[in-house]
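Data first, discussion second: the structure below is written as structure tokens.
The values are calculated or read from the model by the stated rules, or taken from the named source; none is laboratory data. Keep in mind that this is a model prediction, so the values were computed, not measured. Note that we place each Cβ from the backbone using ideal geometry, even for glycine, and neighbour counts take in every protein chain shown. To get the accessible areas, we keep the full protein, side chains included, count just its heavy atoms, and leave off ligands, DNA and RNA. Shrake-Rupley method; radii C 1.70, N 1.55, O 1.52, S 1.80 Å.
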Amino acid sequence: MFAYAFAFLLGVVFAQQLSVLPGISSLFFLPACLLVLCLLFYYFLFPRYFSKYNGQLNKSYFTLISIFITLIIIGIYYAVYFSKQQLDYRLDESLVGRNIIISGKVASVPVVGEDSQRFEFDVDSFHILQPMAAGLPSPSTKTPGKLRLSWYYGKAVNAGETWQLEVRLKPPHGFMNPGGFDYEGWLFQQGIHATGYIRQSEFNRRLQTASVFSIDRIRQFLSRQLDDLVLYRQASGYATAAAGIALVKALAIGDKSSLSVQQWRILSNTGTSHLMAISGLHIGLAALFGYILIRRIVPVFIMKRIPAQHVALATGLILALSYALIAGLSIPTQRAIIMLTVLSIMTLLRRNSRPVDALGLAMIVVLLFDPVAVLSAGFWFSFSAVAVIYINVVSGSKTDFSVLNKLKNILKQWLRLQLMISLFLLPLSLFMFQQGSLISPLANLLLIPYVSFLVVPVVLLAIICSFLFQDLAAVLFNLAATLLDFIWPLLSYLSAQPYAFWVKGDVDVIELILASTAMLLFYFSKDISRFAEIRFNKSKSPTNTIFGCWSFRFFGCLLFIPIVTTDNSLLSEGEYQLTLLDVGQGSAAVIRTENHALVFDSGARFSEKMDAGSSVLIPYLRSQGIAKLDRIIISHGDMDHIGGAQTLMDSFPEADLLGQDIDSLVLQKTGTDKKQYCYAGMQWQWDGVEFTILSPEEITVSPAKTEKRNNHSCVLHVSSASGSVLLTGDIEKLVEYQLLRRYPDQLAADILMVPHHGSNTSSSQAFISVVNPKISLISVGYENRYKLPSRLVTARYEAINSELIRTDKSGAVTIKVLAEEGISVARYRETARKYWHHQLN
């Protein structure tokens, strides 16, 4: 069964790697031909040429291969069909920016900010206010079924309510950067077909309140109970009143929106994020607690008809399902429920099956239910962890019946299991997140039993009491928060250790497979050596077995080399690489030479918990293996350029800070030259590459808060024998003319970052003519409210035949300026394209 599940998985995974979904006939032509050739080979050629050498034809092997290929084809077909169905509901491009009336139900607990609400919305009806303009194609007949909406300064919205709303929508569109979070992929996994905002309109009105039995209403009721408890804890003098409740909220209803950036960082660094979010572990614990409780109290008259363990098993499954519903039935909880249901049914049917076959059947059911699940890191971590547990169980030590030895054996197995899970999942963590926790075995060794057997039972009991005894529920929720507050300093201490986690650049699939194979070779080296000795030498020589064992381990060490080494020969003397990152309506670029790295601007700050530094720049730097940043330049203090600077400096405290309006930024390390204003004439050289500041002219030029900062932007010129770049910030025409007068012969550049995001306040014809760029880069947000870039501006660059590249269409743009190859351009939205990504013309 596991082999069949693996074949089906391969087909699904293959389909999810496609950049464009093909037609069914073209997709299956080659696999179908391969299968037909195998059948012809079997029936006409194999018996004639090979059976006489083997004595008899082993049909089982061929049958297995045929089924394996067939299941791969079925997996591809099913995944493509499912994905096509989902994409058919995506918002049509012709509806972008139009006023639309929708009605439907609020499908999630709203996340409330200072001036906004964000929630998911299931659409029942869809009506376009204005008629379609002449000449435009008709929109898709299928309207979006699920939306992700924001409402600024709107009425209070409750989960489960039915509303009529006037909205403006756009197709799912996110930032596209190396190492960055694939927001479009996440929206696709969640079944969200469009995003947008609610307009202030007379059409906005509540049509129906939520049903008493609405799960989302119950979840919001619990959320508000926990929010009230924060106020109580603050009044009682708790130093971290909100922190503990934020963790409890994540465990109780799956709402992680209250977790702070620091909490997420600590959980990530210690490898304990899975403990503070409802996952398979918590669903399994709910089923276990239900089983243990009911198993002891089943009445005798029921046991005469139905075995008590069956009643307990079914009850545990119902409790786990109820917990998953309270958690919002998110995709990880759906996956856990499916796996638990499959295992429970197999147990109830009294089928003797190997655990690995049960795992395979659960995988097939999960993929049939949602083939897009393979895009989620949780899918791979869940099944990998279960597989490691299985490996540990089948190869565990023998049971000793003395009490002391039993305890020793349990402790030994627990230590071994935690070490195995952490080691086996480390390559997967490096592949998924470019980092892995090295302190994870110790942290999970302590935290898993603490959270599982102390905190989770209290949380589950508090949820039950919330509907009957609210005062008792408040006491229990407070107790759970106190328990988490008690253990949190230990987690913080472990996270702060110098080698708490390992940051690695992009790990490709080949490196992941080689590292995982090396793990298996190390673990099963003795078994493989014994099997090889018996199979090929027909003997059981201990010397040969030991030699074979160490040979496999040595080979495993060789397989580890690719994942633990880093290629630092990316650039040579006089060469450099410019990457203009996709940060929406903002600006952030990274320049890298042979041994140095510089960040020019840091993008916007999107909320209290999120900015371009944490969500774009740091993941990009990690993906490129850049562990040390030499300099951060902030062109000026507008929020779309300085928003991520503080986060970036906190992560790279050794970096120098240069720029304008940088007084509010705090350096962890101080020095005479660590923080400087930029001014014309500043120069330095890295690895044969010249860096020169061309503007502003004065040393201290930070304007008053009421003045525009644009014309005080730092302008940076980068040049080598292979080519040059001009980075301009948000300078306007006044400064452009000043630069033309001051540097009439030095402004020419092969690559230009277009001033002020393509606004018509900049990019004068004279400036463009003198710079005369071969490539013009515009950092701009998709469907931004400023309607940038200006059509007048783009026409000027097109008139000189400059290649115009926009980040909203291309994603991150990487330009290499090399000695021999010259200038090469890579657009990340093209090189990393998947079929669910939004493509603009």
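Expressed in whole Å with the largest first, what are the equivalent ellipsoid semi-axes of the chain derived from the C-alpha gyration tensor as the square root of 5 times each eigenvalue?
Gyration-tensor ellipsoid for the chain: 49, 36, 30 Å.
Let me check something: with ligands and nucleic acids excluded, how do MET1, MET276, MET519 order by accessible area (1.4 Å probe), largest to smallest?
MET1, MET519, MET276
Can you pull out the chymotrypsin sites (Phe, Trp or Tyr not before Pro) in the stretch 798-841 whose DSSP state is coil and whose Cβ has at most 15 other Cβ atoms within 10 Å?
Of the chymotrypsin sites (Phe, Trp or Tyr not before Pro), not one in the loops of the stretch 798-841 has a Cβ with at most 15 other Cβ atoms within 10 Å.
Can you compute the label reach from LEU411? Point 7 Å from Cα along the Cβ direction, backbone N cut-off under 18 Å, restricted to the stretch 434-451.
The answer is 442-450.
Long-range amide H contacts for ILE823: which residues qualify at under 5 Å (H placed 1.01 Å from N, peptide plane, sequence gap of 5 or more or a different chain)?
Hits under the 5 Å cutoff: LEU818.
Excluding ligands, DNA and RNA, what is the solvent-accessible area per residue of the stretch 418-506 at a probe of 1.4 Å, expressed in Å²?
Accessible area per residue: 45 Å².
Could you state how much accessible area HIS757 has, in square angstrom rounded to the nearest 10, with a 1.4 Å probe and all protein chains kept in place?
Counting only protein heavy atoms, HIS757 exposes about 10 Å² to solvent.
Cα extents of the stretch 540-675 along the three principal axes, largest first, in whole Å?
Over the stretch 540-675, Cα extents along the principal axes are 75, 38, 30 Å.
Evaluate the charge dipole of the stretch 644-765 about its Cα centre and quote only its size in Debye, nearest 20, assuming +1 on the Cβ of each Lys and Arg and -1 on the Cβ of each Asp and Glu.
My answer is approximately 280 debye.
For the stretch 744-841, what does the relative contact order come out to in percent, with C-alpha contacts under 8 Å and a separation of six or more?
Across the stretch 744-841, relative contact order equals 23 percent.
Mind listing the Cα extents of the stretch 601-730 along all three principal axes, in Å, largest one first?
41, 39, 28
Among the aspartates and glutamates, which fall within straight-line cross-link reach of LYS675, defined as a Cα-Cα distance under 16 Å, with same-chain neighbours fewer than 8 residues apart omitted?
ASP601, ASP630, ASP650, GLU654, ASP656, ASP661, ASP663
What ranking do 445-453, 209-217 get when scored by the average of other Cβ atoms within 10 Å per residue, highest first?
Averaged packing, sorted descending, gives the order 445-453, 209-217.
222 nm [θ] for the chain, helices only, -39500 (n - 2.57) per DSSP H run of 4+, per residue, to 500?
One gets -14500 deg cm²/dmol as the mean residue ellipticity at 222 nm.
Name all residues of the stretch 267-287 having a backbone nitrogen under 12 Å from the label point set 7 Å from the Cα of LEU329 along its Cα→Cβ direction, giving them as ranges.
Within reach of a label on LEU329: no residues.
Carbon and sulfur atoms: what percent of the 1.4 Å accessible area of the chain do they account for?
Within the chain, the accessible surface is 61 percent carbon and sulfur.
HIS127 accessible area, nearest 10 Å², 1.4 Å probe?
Spelled out: HIS127, probe radius 1.4 Å, area about 110 Å².
Sort the following peptides by mean Cβ neighbour count (other Cβ atoms within 10 Å, averaged over residues), highest first: 741-753, 715-727.
Top to bottom by mean Cβ count within 10 Å: 715-727, 741-753.
Can you give the three extents of the C-alpha atoms in the stretch 135-268 along their principal axes, from longest to shortest, in whole Å?
65, 44, 27
Per the Cauchy relation, a quarter of the hull surface: what is the mean projected area of the convex hull of the alpha carbons in the stretch 164-229, in nm²?
Spelled out: convex hull of the Cα atoms, projected over all directions, averaged, 7.5 nm².
Evaluate the relative contact order of the chain (contact order divided by residue number), counting alpha-carbon pairs under 8 angstrom at least 6 apart; express in whole percent.
Once normalised by length, the contact order is 10 percent.
How are the Cα pair distances of the stretch 694-815 distributed, in percent, across 10 Å bins from 0?
13, 46, 33, 8, 0
DSSP loop (so not H, G, I, E, B), at most 16 other Cβ within 10 Å: list which GluC sites (Glu not before Pro) in the stretch 90-124 pass both filters.
For GluC sites (Glu not before Pro) across the stretch 90-124 that sit outside H, G, I, E and B with at most 16 neighbouring Cβ atoms in 10 Å, the list reads GLU114.
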